[in-house]
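Accompanying notes for the structure given below.
The values are calculated or read from the model by the stated rules, or taken from the named source; none is laboratory data. All figures in this text were calculated on a predicted structure; none of them were measured in a lab. Note: ideal-geometry Cβ built from the backbone for every residue, glycine included; neighbour counts use all protein chains shown. Note: areas computed on protein heavy atoms with side chains; ligands, DNA, RNA excluded. Shrake-Rupley method; radii C 1.70, N 1.55, O 1.52, S 1.80 Å.
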Amino acid sequence: MPVLPGAEPFTHSGSSEIGVLLCHGFTGTPASMRPWGEFLADAGLTVRGPRLPGHGTTWQEMNRTTWQDWYTCVRDETTSLLASCSSVFVFGQSMGGTLTLRLAQEFGDAISGITLVNPSVMTRRKDAKLLPVLSRLWPSIPGVGGDIAKPDAAELSYTRVPLRAAASLAELWRLVRADLHLVRQPVLLLRSRVDHVVEPENARIVASGVASTDITEVELHRSYHVATLDHDAPEIFERSLAFAKRIHEGKTDTPATELGAT
């Protein structure tokens with residue numbers, strides 16, 4: 001299946017011991033994460049920006065994939081980064097945040113920290129409860145991609161929502177919500193004040209449900225849902241880099257008493 005121009009995955013092997021996996025959103029592509037990845041790569045970090053199965057081709061193909069396919073992709077990338085970097089972080093936007101949380105739940109302390117941008121773990125849309133039925137009647141509905149305040153920015157995503165894939169995402173949401181208490185890593189949570197795709201309640205559920213003692217919440221005032229391509233993108237990039245460096249340096253700065261000094 002041909003990949004849409006611009007939707008290709010990206011990788012960069014850096015000089016730092018820090019590795020970052022970037023997870024894009026539902027019906028989106030690595031294009032929404034590429035500027036973030038380039039910023040981190042310029043800082044010397046090792047970066048992976050995979051294209052999730054069924055994304056960046058056609059919505060019909062995406063309807064033939066499930067959350068297990070998407071998760072296997074990011075899980076494999078995480079395992080690869082852990083083999084080459086001493087500190088591995090996962091950064092995700094929207095559904096990419098959902099996958100990030102699931103990775104944190106499974107890998108535990110092997111993942112040094114996570115950054116979430118407008119993560120999704122639920123929706124209040126009344127028709128969402130009917131997804132298992134609707135997905136058998138209609139293959140897709142009009143999409144909601146491109147929720148960006150910046151006039152000259154555009155998201156490379158599907159114009160329609162594949163309903164069978166959406167029903168699978170709802171299954172992932174339930175699993176992630178049930179296991180939020182397993183997330184103990186440091187968390188940087190960035191949420192847009194105005195988001196036309198993910199309700200504010202998502203961020204509140206995540207912040208109150210994780211067991212992390214190191215959690216920083218930041219409200220983005222000038223961006224909509226796809227904040228990594230919006231006005232606040234520079235703040236997201238800079239904060240996430242500082243977050244990763246702080247956690248990594250905290251791991252490598254071993255107190256003298258732990259070295260046997262008196």
Exercise. Could you tell me which numbered condition Gly54 fails, if it satisfies all but one of (1) surrounded by 20 or more Cβ atoms within 10 Å (Cβ to Cβ); (2) at negative phi; (3) not hydroxyl-bearing (Ser, Thr, Tyr)?
Key: (2)
Quiz item: Does Val144 qualify as being in contact with a strand residue (DSSP E or B) (Cβ under 8 Å, 6 or more places away or on another chain), among the hydrophobic types (A, V, I, L, M, F, W, C) and surrounded by 20 or more Cβ atoms within 10 Å (Cβ to Cβ)?
Solution: no
Practice problem: Within the range 185-199, track down each residue that is of a type in the set (Lys, Arg) and surrounded by fewer than 16 Cβ atoms within 10 Å (Cβ to Cβ). | Solution: Arg193
Self-check item: Residues located in the range 38-66, provided they are more than 22 Å from Thr79 (Cα to Cα) and either touching an Asp or Glu at 6+ places or on another chain (Cβ under 7 Å) or not basic (Lys, Arg) (or both)
Solution: Phe39, Asp42, Ala43, Gly56, Thr57, Thr58, Trp59, Gln60, Glu61, Met62, Asn63
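Residues are listed down the side, and each one gets a yes or a no for (1) surrounded by fewer than 19 Cβ atoms within 10 Å (Cβ to Cβ); (2) aliphatic (A, V, I, L, M); (3) within 19 Å of Arg34 (Cβ to Cβ); (4) in contact (Cβ under 8 Å) with a residue 40 or more places away in the chain:
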residue: Glu171; (1), (2), (3), (4): yes, no, no, yes
residue: Leu175; (1), (2), (3), (4): yes, yes, no, yes
residue: Glu201; (1), (2), (3), (4): yes, no, no, yes
residue: Val206; (1), (2), (3), (4): no, yes, no, yes
residue: Thr213; (1), (2), (3), (4): yes, no, no, no
residue: Tyr224; (1), (2), (3), (4): no, no, yes, yes
residue: Asp230; (1), (2), (3), (4): no, no, yes, yes
residue: Ala244; (1), (2), (3), (4): no, yes, yes, yes
residue: Lys251; (1), (2), (3), (4): yes, no, no, yes
Quiz item: Within the bounds of the range 151-159, is there any residue that is closer than 23 Å to Asp214 by Cα and open to solvent by 20 Å² or more (accessible area, probe 1.4 Å)?
Solution: no
Exercise. Confirm whether Val121 is over 21 Å from Arg177 (Cβ atoms) and outside any helix (DSSP H, G or I).
Key: no
Quiz item: Can you name the number of the only condition in (1) open to solvent by 50 Å² or more (accessible area, probe 1.4 Å); (2) at pLDDT below 95; (3) not aromatic (Phe, Trp, Tyr) that His181 fails?
Solution: (2)
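Yes/no per residue for (1) closer than 21 Å to Ala31 by Cα; (2) in contact with a strand residue (DSSP E or B) (Cβ under 7 Å, 6 or more places away or on another chain); (3) surrounded by fewer than 16 Cβ atoms within 10 Å (Cβ to Cβ); (4) without any contact (Cβ under 8 Å) to a residue 12 or more places away in the chain:
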position	(1), (2), (3), (4)
Cys73	yes, no, no, no
Asp76	yes, no, yes, yes
Leu81	yes, yes, no, no
Phe91	yes, yes, no, no
Thr115	yes, yes, no, no
Quiz prompt | Residue count for the range 1-22, restricted to those that are surrounded by fewer than 18 Cβ atoms within 10 Å (Cβ to Cβ) and outside any loop (DSSP other than H, G, I, E, B) | solution = 3
Practice problem: Tell me which residues, restricted to the range 23-51, are in a loop (DSSP other than H, G, I, E, B), in contact (Cβ under 8 Å) with a residue 40 or more places away in the chain and surrounded by fewer than 24 Cβ atoms within 10 Å (Cβ to Cβ). | Solution: Ala43, Pro50, Arg51
Quiz item: For Gly97, are the conditions met, namely being buried (at least 24 other Cβ atoms within 10 Å of the Cβ) and within 19 Å of Trp173 (Cα to Cα)?
Solution: yes
